[in-house]
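Trainee: My questions all concern the structure below.
The values are calculated or read from the model by the stated rules, or taken from the named source; none is laboratory data. This is a predicted model, so every value here is computed, not measured. Neighbour counts run over all protein chains shown; Cβ positions are idealised from the backbone, glycine included.
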């Protein structure tokens, strides 16, 4: 990957496409790239609420690659569903990918759950 750079006004369409793809990631998507493992371990049943990034969190290179940071919001559930406890939490993810033809492809996702253990 060549050096990443801040996006410019000329990158607006690309940024929109990357943001849309990241913000539409599902729990299954995270599982496919191995990013769900750390979240799964946080509770007996962890559920993805949403992933959110903005244009200011995306860096591009001149070859169609990108790296972004995003907020990953989850609900952590403990105990049986009828009388267990749950709470919401958020973690930071680093997402790497590339644009191939007209598709935004996600190559890897890493979610930092270290704050849960502090």
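Trainee: Could you please let me know if residue 38 is at pLDDT below 95 and either buried (at least 17 other Cβ atoms within 10 Å of the Cβ) or within 12 Å of the chain's Cα centre (by Cα) (or both)?
Mentor: It is true that residue 38 is at pLDDT below 95 and either buried (at least 17 other Cβ atoms within 10 Å of the Cβ) or within 12 Å of the chain's Cα centre (by Cα) (or both).
Trainee: Still on this structure: So in the range 17-30, with the set limited to residues that are more than 15 Å from residue 113 (Cα to Cα) and touching a helix residue (DSSP H, G or I) at 6+ places or on another chain (Cβ under 8 Å), which one is surrounded by the fewest Cβ atoms within 10 Å (Cβ to Cβ)?
Mentor: 27
Trainee: When only residues in the range 31-43 that are out of contact with any strand residue (DSSP E or B) (no Cβ under 6 Å at 6 or more places or on another chain) and not in a loop (DSSP other than H, G, I, E, B) count, which is farthest from residue 105 (Cα to Cα)?
Mentor: 37
Trainee: Identify all residues within the range 74-113 that are in contact with a helix residue (DSSP H, G or I) (Cβ under 8 Å, 6 or more places away or on another chain) and part of a strand (DSSP E or B); write none if there are none.
Mentor: 74, 89, 91, 95, 97, 99, 104, 106, 109, 111
Trainee: Tell me whether the range 44-66 contains one or more residues that are assigned to a helix (DSSP H, G or I) and within 21 Å of residue 115 (Cβ to Cβ).
Mentor: yes
Trainee: Among what's in the range 1-15 and is within 16 Å of residue 105 (Cα to Cα) and surrounded by 13 or more Cβ atoms within 10 Å (Cβ to Cβ), pick the residue that is farthest from the chain's Cα centre (by Cα).
Mentor: Applying the filter and picking the extreme gives 14.
Trainee: Among the residues of the range 83-90, are any at pLDDT 95 or above and within 19 Å of residue 19 (Cβ to Cβ)?
Mentor: Yes: the range 83-90 contains one or more residues that are at pLDDT 95 or above and within 19 Å of residue 19 (Cβ to Cβ).
Trainee: So, in the range 62-73, exactly how many residues are out of contact with any helix residue (DSSP H, G or I) (no Cβ under 7 Å at 6 or more places or on another chain) and either under 18 Å from residue 40 (Cα atoms) or without any contact (Cβ under 8 Å) to a residue 40 or more places away in the chain (or both)?
Mentor: Total meeting the criteria: 4.
Trainee: Further question: Taking the range 47-56, which residues are surrounded by fewer than 18 Cβ atoms within 10 Å (Cβ to Cβ) and touching a strand residue (DSSP E or B) at 6+ places or on another chain (Cβ under 7 Å)?
Mentor: 47, 49, 50, 52
Trainee: Mind checking which pairs have a first residue in the range 8-19 that is within 16 Å of residue 63 (Cα to Cα) and a second that is modelled with pLDDT under 80, Cβ under 8 Å, 6 or more apart or different chains?
Mentor: 14/7; 15/7
Trainee: Here's another thing I want to ask about it. With surrounded by fewer than 17 Cβ atoms within 10 Å (Cβ to Cβ), in contact (Cβ under 8 Å) with a residue 60 or more places away in the chain and within 12 Å of the chain's Cα centre (by Cα) as the only criterion, which of 97, 108, 90 stands out?
Mentor: Exactly one of 97, 108, 90 is surrounded by fewer than 17 Cβ atoms within 10 Å (Cβ to Cβ), in contact (Cβ under 8 Å) with a residue 60 or more places away in the chain and within 12 Å of the chain's Cα centre (by Cα), namely 108.
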